[in-house]
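Down below is the structure, laid out as structure tokens.
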Amino acid sequence: MDDYANPWLHRLKWAYLLLVAATLMGPVFYVMYISFNANGFGANQYEFTLEWYGLIFSDQLLMGALGWTLRLAVICTLITVPMALLAAKYYKAARNKVLPVFLFLAPLFVAPDILGSALLVFFKNVNGALRSLGDALGTDALDGLFQLGFGTALIGLIIYTMPYAFVVILITMGRYKPEQTEAARACGANGWRAFWDIEFPQIRAGVFSACSFTMILCFNEYTRTSLLKGGFDTFTTVLISQMLNTGMSEQSYAMSSLVSFVAIALIGGIILYTLVRSDSLAREARAKAEPVMST
Amino acid sequence: MNALGTLKMTETKPAAVEVRGLAKHYGSVVALKDVNLSIAAGEYFVLLGPSGGGKTTLLRTIGGFHRPTHGQVLLNGVDVGHLPPDKRTTSMVFQSYALFPHMTVLQNVGYGLKIARMGRDAIREKSAAALEMVGLTGFADRKPHELSGGQQQRVQLARAMVLNRDILLLDEPLAALDAQLRKDMCLELKHLQEKVGITFIHVTHNQEEAMTVADRIALIADGELVEHGRARDVYRAPHRAFTASFVGENNILRGTIREVDGDDVTVDVAGHPVRTGRRGLAVARGAAVTLSIRSELVRMGGPGEALHSLPGRYSESVYLGLTTSHIVALAPGTDMVSRVVEDLPQVPEPGAPVVMSWSPGDLRLHVD
């Protein structure tokens, strides 16, 4: 607050910020609140329990879905983040940046159901073409190569998460000065060493953030996954299916809360770490800056 | 070794850096045009010129950061045009500090040694010695952001010098420093080069900086090597009109050849004849030429010797601290400046007739 600001206006701004935060997080906290109620959703009486959390692990449907989701998220992250990193590096080096950035970010602006159904049609057509090719070649090895399943869901998720990972990494890369790579090369480092020793440590936070972001996006994604997944269920598809058919079980509330706890802890941890680190660096710099050296 | 032996060794030793017919094009933009240059081992060589003239491109091409469009770069007699920077015998100091912010000063300095797989103790020892050389002992554990601009440049110097390469490239190393610090660092650079005896190639657009450090200067403009020579010669006896206009404070006068008489040439300037040496240049009567004379060689007042003076009208004086520049209009659009250290007993009124004169031999003829 500056010296001339109205203190009530200052308080009002803070109240507004808290209201926005409450609007954003209210539903999540409400689900968490329900997950600790022994009497479940909609009950008149609230009785605290951890029972539903204990029961999560005995719910085969939920655990199976969680397992598939985790596998998808991990593999998607392992593929997407290096690809996004490479794309961001090439983008930074590109002279004409308009076309690449448009192409990389375009999937963000396509509605998920349109992209999902487009991929569905695409995979079906590719399967048909491969089957015909296999018939012509006298082999059935090509049949069902793009049959709906883990692979197609993974491709859908990679396409979905790539632009986000690209943007997150690119933002961190924006602060990196390419002269440092040149300086490393002048010191005798080859291209890979210059990247690994000099550039990567400086963009590491962005890469890890992109990993966390991609994992969380994979957990959140419903439309593309439900269209492309074939015969298995993910965490979100189970939850939505339950909600539409029988209503969510208490274990589902507990599982949703658990996933939210993990996501919030992860993102909160990154933010907290960044704030604490920049604060400690600033304090260190102030402490070490000596007025006696003018040159 | 006898004197003859020493002479033979000197004669057969290849230049530290030689560029032959070097050109660099970016699409239709020509950054360097057919540059030929030879820099001796142990020389402090300065590439001087206006911004965008191509001097940094030339330096970066020598360092391996640009691949030449055509032409050769030879380091110690070996063609290295195909080699990346890490395979060359050069190290580099960048304009924008380019220190590694996540490393300490000591780690920055020792990075190249680490790449060269030197032992940890040897790295520490050599890096500490390099820091001592640049006067930064005691700063080893600091991070770059905790240093001033001058200190960061010294760390860059130490990082480059510790590699023991025989050619150091400096790309506008002092451009980001304030004027006083730049002067101090200039002298430090010069002393350092004399101490270590390796070849320094220093890019700058600042002529004072160039004069302070250079054994030889090359003037680069519009992608061309305009002129090169000993710093003193480039300043005192520029061959090209561009050099005269860029180095020192020269009066540039346009004129037409009136008469050629052996080694002497008479040129009409602002309607008056002046005489100058021909310097072996091919000139013909009626040709348009340029004359130059350093402003500190021009005297204002007095009768002036025929053919070595020009009349004009006093315009104004500009006080520059150590010197004062007196500006005289010879004709509309043609001014002449006399720069003097001492104060004149009486400064003419604006518009008063004055004579600008000089000693025979001070005025130089240019035909480019």
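The values are calculated or read from the model by the stated rules, or taken from the named source; none is laboratory data. Computed from a predicted model, the values in this text were never measured in an experiment. Every residue, glycine as well, gets a Cβ built from its backbone with ideal geometry; the counts of neighbours run over all protein chains shown. Note: accessible area is taken over every heavy atom of the protein model, side chains too, but ligands, DNA and RNA are not part of it. Shrake-Rupley method; radii C 1.70, N 1.55, O 1.52, S 1.80 Å.
Among the residues of the stretch B:259-266, are any among the acidic types (Asp, Glu), within 30 Å of the chain's Cα centre (by Cα) and open to solvent by 30 Å² or more (accessible area, probe 1.4 Å)? Among the residues of the stretch B:259-266, not one is among the acidic types (Asp, Glu), within 30 Å of the chain's Cα centre (by Cα) and open to solvent by 30 Å² or more (accessible area, probe 1.4 Å), which makes the answer no. Filtering the stretch B:297-305 for residues that are part of a strand (DSSP E or B) and at pLDDT below 95 leaves a non-empty set. Would it be correct to say that residue B:179 is free of Cβ contacts under 8 Å to residues at least 24 places away in the same chain and over 13 Å from the mean Cα position of the chain (by Cα)? For residue B:179, the condition - free of Cβ contacts under 8 Å to residues at least 24 places away in the same chain and over 13 Å from the mean Cα position of the chain (by Cα) - is met. Residues that are in a loop (DSSP other than H, G, I, E, B) and of a type in the set (Gly, Ala, Ser) were ranked within the stretch B:169-195; the one that is nearest to residue B:148 (Cα to Cα) is B:176. Only one entry in A:204, A:193, A:185, A:224 is touching a residue at least 40 places away in the same chain (Cβ under 8 Å), charged (D, E, K, R) and on the phi < 0 side of the Ramachandran plot, namely A:224. State the number of residues belonging to the stretch B:280-324 that are more than 17 Å from residue B:258 (Cα to Cα), without any contact (Cβ under 8 Å) to a residue 40 or more places away in the chain and either touching a strand residue (DSSP E or B) at 6+ places or on another chain (Cβ under 9 Å) or open to solvent by less than 50 Å² (accessible area, probe 1.4 Å) (or both). Summing the residues that are more than 17 Å from residue B:258 (Cα to Cα), without any contact (Cβ under 8 Å) to a residue 40 or more places away in the chain and either touching a strand residue (DSSP E or B) at 6+ places or on another chain (Cβ under 9 Å) or open to solvent by less than 50 Å² (accessible area, probe 1.4 Å) (or both) in the stretch B:280-324 gives 9.
Listed here are the residues, each with its yes/no results for (1) part of a loop (DSSP other than H, G, I, E, B); (2) touching a Leu at 6+ places or on another chain (Cβ under 8 Å); (3) aliphatic (A, V, I, L, M).
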position	(1), (2), (3)
A:120	no, yes, yes
A:125	no, no, no
A:133	no, yes, yes
A:140	yes, no, no
A:153	no, yes, yes
A:157	no, yes, yes
A:170	no, no, yes
A:179	no, no, no
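Residue A:214 meets the conditions (1) open to solvent by less than 30 Å² (accessible area, probe 1.4 Å); (2) within 23 Å of residue B:170 (Cα to Cα) in every case but one. The failed one is (2).
The set of residues from the stretch B:29-64 being of a type in the set (Gly, Ala, Ser) and more than 14 Å from chain A (Cβ to nearest Cβ) comprises B:31, B:38, B:40, B:41, B:42, B:49, B:51, B:52, B:53, B:54.
In the stretch B:96-118, the residues that are in the same structural domain as residue B:131 (by TED's automatic domain parsing) and in contact (Cβ under 8 Å) with a residue 60 or more places away in the chain form Cβ pairs under 8 Å with partners that are among the small types (Gly, Ala, Ser) and surrounded by fewer than 21 Cβ atoms within 10 Å (Cβ to Cβ), at six or more places apart or across chains, as follows: B:96/B:176; B:97/B:149; B:97/B:176. Are any residues in the stretch B:345-368 open to solvent by 50 Å² or more (accessible area, probe 1.4 Å), touching a residue at least 12 places away in the same chain (Cβ under 8 Å) and in a loop (DSSP other than H, G, I, E, B), and if so, which ones? Answer for the stretch B:345-368, where residues must be open to solvent by 50 Å² or more (accessible area, probe 1.4 Å), touching a residue at least 12 places away in the same chain (Cβ under 8 Å) and in a loop (DSSP other than H, G, I, E, B): B:347, B:349, B:350, B:360, B:361, B:367, B:368.
Residues of the stretch B:93-125 that are open to solvent by less than 10 Å² (accessible area, probe 1.4 Å) and among the polar types (S, T, N, Q): B:108 alone. Residue A:187 passes all but one of (1) surrounded by fewer than 18 Cβ atoms within 10 Å (Cβ to Cβ); (2) within 11 Å of chain B (Cβ to nearest Cβ); which number fails? Checking residue A:187 against (1) surrounded by fewer than 18 Cβ atoms within 10 Å (Cβ to Cβ); (2) within 11 Å of chain B (Cβ to nearest Cβ), the one that fails is (1). Checked against the criterion of being at pLDDT 95 or above and either part of a loop (DSSP other than H, G, I, E, B) or under 30 Å from residue B:177 (Cα atoms) (or both), the candidates B:107, B:95 yield just one match: B:107.
Considering the stretch B:80-92, the residues that are open to solvent by less than 60 Å² (accessible area, probe 1.4 Å) and among the charged types (D, E, K, R) include one that is farthest from the chain's Cα centre (by Cα), namely B:86.
Residue by residue, here is whether (1) modelled with pLDDT of 90 or more; (2) crowded, with 17+ Cβ neighbours inside 10 Å holds:
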residue: A:113; (1), (2): no, no
residue: A:121; (1), (2): yes, no
residue: A:152; (1), (2): yes, yes
residue: A:158; (1), (2): yes, yes
residue: A:164; (1), (2): yes, yes
residue: A:169; (1), (2): yes, yes
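Specify the residue that is surrounded by the most Cβ atoms within 10 Å (Cβ to Cβ); the eligible residues are those in the stretch B:196-252 that are in a helix (DSSP H, G or I) and of a type in the set (Asp, Glu). Restricting to residues being in a helix (DSSP H, G or I) and of a type in the set (Asp, Glu), the top hit is B:209. When B:128, B:140 are checked against the criterion of being away from chain A (no Cβ under 11 Å), surrounded by fewer than 21 Cβ atoms within 10 Å (Cβ to Cβ) and not in a loop (DSSP other than H, G, I, E, B), a single residue qualifies: B:128. Residues of the stretch B:143-160 that are part of a helix (DSSP H, G or I) and either open to solvent by 20 Å² or more (accessible area, probe 1.4 Å) or over 18 Å from residue A:186 (Cβ atoms) (or both): B:145, B:146, B:149, B:150, B:151, B:152, B:154. Taking the conditions (1) polar (S, T, N, Q); (2) part of a strand (DSSP E or B); (3) within 14 Å of another protein chain (Cβ to nearest Cβ) in turn, residue B:72 satisfies each one other than (3). For the residues A:194, A:189, the requirement of being under 22 Å from residue B:158 (Cα atoms) and part of a loop (DSSP other than H, G, I, E, B) singles out A:189. Among the residues of the stretch B:169-183, those that are open to solvent by less than 60 Å² (accessible area, probe 1.4 Å) and facing another protein chain (nearest Cβ under 10 Å) comprise B:169, B:171, B:177, B:181. Is it the case that the stretch A:32-52 has a residue that's within 22 Å of residue A:212 (Cα to Cα) and part of a helix (DSSP H, G or I)? Yes, because at least one residue in the stretch A:32-52 is within 22 Å of residue A:212 (Cα to Cα) and part of a helix (DSSP H, G or I).
When the residues of the stretch B:75-92 are filtered to those that are β-branched (Val, Ile, Thr) and in a loop (DSSP other than H, G, I, E, B), the one that is nearest to the other protein chains (Cβ to nearest Cβ) is B:89.
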